[in-house]
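Note sheet for the following structure.
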Amino acid sequence: MAKFLSIYVTAAGLNGGERLINADQIVTVTQASATTTTIFLAPVAGSSTDVLTLTHTSTGTTPSIKAAVNAAISAVPGGQTVAVSFPQGVVCTAVALG
């Protein structure tokens, strides 16, 4: 069964709302800066690794978004969607695939 992480994006209009990420495809998560977190996804046959970049308000302190994503990955039971719990006061403002 598929496992998904849910990240809510606060951007306006069609750029905002819930984004689902297939947890089975996540290879690693890195905190690139205080305002960006990178999620590397396993390549699909014949393609290179996909990279999701989360832009968020500053984490300032720990726990980081990396820790929040990793906690959500480990909490995902089969066939479920688990929301990533960002630290208090931190919101995701954009998700870019590239």
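Computed from the coordinates by the stated procedures, all read-outs in this text should not be read as laboratory data. The structure displayed is predicted, hence computed values, not measured ones. Quick reminder, even Gly has a Cβ in these numbers, built from the backbone with ideal geometry, and neighbours come from all protein chains shown.
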Report the Stokes-Einstein translational diffusion coefficient (µm² s⁻¹, integer) for the range 4-97, Rh taken as the Kirkwood radius over Cα pairs, at 37 °C with viscosity 0.692 mPa s.
244 µm²/s
Would you mind checking the tilt of helix 65-75 against the longest principal axis of the Cα atoms of the chain, expressed as 0 to 90 degrees and rounded to 10?
40 degrees
Beta carbons within 10 angstrom, averaged per residue: use that to sort the peptides 48-57, 12-21, highest first.
48-57, 12-21
Just the number, please: percent antiparallel of the DSSP beta bridges in the chain, rounded to the nearest 5.
85 percent
